[in-house]
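Notes follow the structure.
The values are calculated or read from the model by the stated rules, or taken from the named source; none is laboratory data. Being a predicted model, the structure only gives us computed values, none of them experimental. Every residue, glycine among them, receives a Cβ derived from its backbone with ideal geometry; neighbour counts consider all protein chains shown.
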Amino acid sequence: MEVESFLFNIVILSMFVNMAIALYGIFTRPSLIKKIISLTIFSDTVNTLAIVVGFRHAIPNPIPPVVVEIPPSSQYLRLFVSRAVDPLPQALVLTAIVIGLAVVLFLMFTTLQIYRIYGTTDVRKVSKLRG
Amino acid sequence: MLYYLLMALSSLLSIPAIYLAVEERDLVKAVIFSAVQSTLYAFLYYLLMAPDIFLTYIPVGVGLYTALILILIKKTERYESD
């Protein structure tokens, strides 16, 4: 159990490292397209962190939150409650992925329009130009 | 044990993929590194017992994002300036 906890802490820690790198990309890279790529990576990392919160260390292994026995017997329900992961964060993340796709599409068309008007996607050049 | 090992491995491998995607000057290569990161995250979702997210994230993260950003790069500029 000690080794499993250590490996799972590596997962959580690397998610925070990924969040830091993606935020660095959003704030410091000049290209608007690179900012969009970093934003997708950041939203994916936050979604993964939400799913990690719903995970549980079950012995011997966790099972997906799907009831396969209909009607469920009480013995099966006891097994399900003790070993299944939390389905609520998964439902929320499924919504967040689809909304994130819509937001990224909007940002892409904004970037395309900026390129058509100003002729560049570099934010430093765009901020210097007028009209 | 092997289960958690694969989980830690896929999340650790996503760190260099994200770093290369952020640092790369050629935007097409950056999109490809981003797709590698999406594949590793999809595998991580599968290991975290979220099969519905896995089935949604493979077409959205690996397919749609990559294709849309490639179309955007084709219509605008490919290289990021210093």
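Tell me which of these A:V68 doesn't satisfy, since it passes every other one: (1) closer than 18 Å to B:F54 by Cβ; (2) assigned to a helix (DSSP H, G or I); (3) modelled with pLDDT under 90.
Evaluating A:V68 over (1) closer than 18 Å to B:F54 by Cβ; (2) assigned to a helix (DSSP H, G or I); (3) modelled with pLDDT under 90 leaves (2) as the failure.
Yes/no matrix, rows are residues, columns are (1) of a type in the set (G, A, S); (2) assigned to a helix (DSSP H, G or I); (3) at pLDDT below 90:
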position	(1), (2), (3)
A:A96	yes, yes, no
A:A102	yes, yes, no
A:F109	no, yes, no
A:V126	no, yes, yes
A:G131	yes, no, yes
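What is the number of the single condition among (1) over 14 Å from the mean Cα position of the chain (by Cα); (2) part of a helix (DSSP H, G or I) that A:N47 does not meet?
Every listed condition holds for A:N47 apart from (1).
Quick check on my filter: what residues within segment B:52-82 are facing another protein chain (nearest Cβ under 7 Å) and not in a helix (DSSP H, G or I)? I'd like the intermediate steps shown before the answer.
Residues of segment B:52-82 that are facing another protein chain (nearest Cβ under 7 Å), as a first pass: B:52-53, B:56-57, B:60-61, B:64-65, B:68-69, B:72-73, B:75-77, B:80-81.
Result: B:T76, B:E77, B:E80, B:S81.
Table: residues versus (1) more than 14 Å from the chain's Cα centre (by Cα); (2) under 30 Å from A:M108 (Cα atoms).
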{"position": "A:Y24", "(1), (2)": "yes, yes"}
{"position": "A:I33", "(1), (2)": "yes, yes"}
{"position": "A:L39", "(1), (2)": "no, yes"}
{"position": "A:V53", "(1), (2)": "no, no"}
{"position": "A:N61", "(1), (2)": "yes, no"}
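Which one of these does B:S14 not meet: (1) buried (at least 20 other Cβ atoms within 10 Å of the Cβ); (2) more than 17 Å from A:I10 (Cα to Cα); (3) of a type outside the set (A, V, I, L, M)?
(2)
Within segment A:22-41, can one find any residue that is at the interface with another protein chain (Cβ under 8 Å from one of its Cβ atoms) and basic (K, R)? Please lay out each step first, then the result.
Kept after step one, since they are at the interface with another protein chain (Cβ under 8 Å from one of its Cβ atoms), are these residues of segment A:22-41: A:22, A:24-25, A:29-31, A:33-34, A:36-38, A:40-41.
Okay, now just the ones that are also basic (K, R), so A:29, A:34.
Yes, the conditions are met somewhere in segment A:22-41.
Looking at segment A:66-74, can you tell me whether even one residue there is buried (at least 16 other Cβ atoms within 10 Å of the Cβ), closer than 30 Å to B:A8 by Cβ and free of Cβ contacts under 8 Å to residues at least 12 places away in the same chain?
No.
Scan segment A:110-124 residue by residue and report those that are more than 7 Å from chain B (Cβ to nearest Cβ) and out of contact with any Asp or Glu (no Cβ under 8 Å at 6 or more places or on another chain). Steps first, please.
Taking segment A:110-124 as the starting set, the residues that turn out to be more than 7 Å from chain B (Cβ to nearest Cβ) are A:110, A:113-114, A:116-120, A:123-124.
Across segment A:110-124, the qualifying residues are A:T110, A:Q113, A:I114, A:R116, A:I117, A:Y118, A:G119, A:V123, A:R124.
Of everything in segment A:1-35, what is in a helix (DSSP H, G or I), farther than 30 Å from A:N61 by Cα and not aliphatic (A, V, I, L, M)? Give them in sequence order.
If we filter segment A:1-35 for residues that are in a helix (DSSP H, G or I), which is where we start, we get A:2-28, A:32-35.
Add one more test, that the residue is farther than 30 Å from A:N61 by Cα, and what stays is A:20-28, A:32-35.
A:Y24, A:G25, A:F27, A:T28, A:K34, A:K35, listed by residue number.
Could you say whether any residue in segment B:26-43 is more than 7 Å from chain A (Cβ to nearest Cβ), surrounded by fewer than 19 Cβ atoms within 10 Å (Cβ to Cβ) and not in a helix (DSSP H, G or I)?
Checked segment B:26-43: at least one residue is more than 7 Å from chain A (Cβ to nearest Cβ), surrounded by fewer than 19 Cβ atoms within 10 Å (Cβ to Cβ) and not in a helix (DSSP H, G or I).
Sort out which residues of segment A:75-109 are within 8 Å of another protein chain (Cβ to nearest Cβ) and in contact (Cβ under 8 Å) with a residue 40 or more places away in the chain, and write them in order of number.
Listed by number, the residues that qualify are A:V93, A:I97, A:V104, A:M108.
Of A:L13, A:L49, which residue is surrounded by fewer than 18 Cβ atoms within 10 Å (Cβ to Cβ) and either in contact (Cβ under 8 Å) with a residue 12 or more places away in the chain or facing chain B (nearest Cβ under 7 Å) (or both)? Break it down stepwise before answering.
Numbers: A:L13 fails: either in contact (Cβ under 8 Å) with a residue 12 or more places away in the chain or facing chain B (nearest Cβ under 7 Å) (or both).
Every option except A:L49 fails the conditions.
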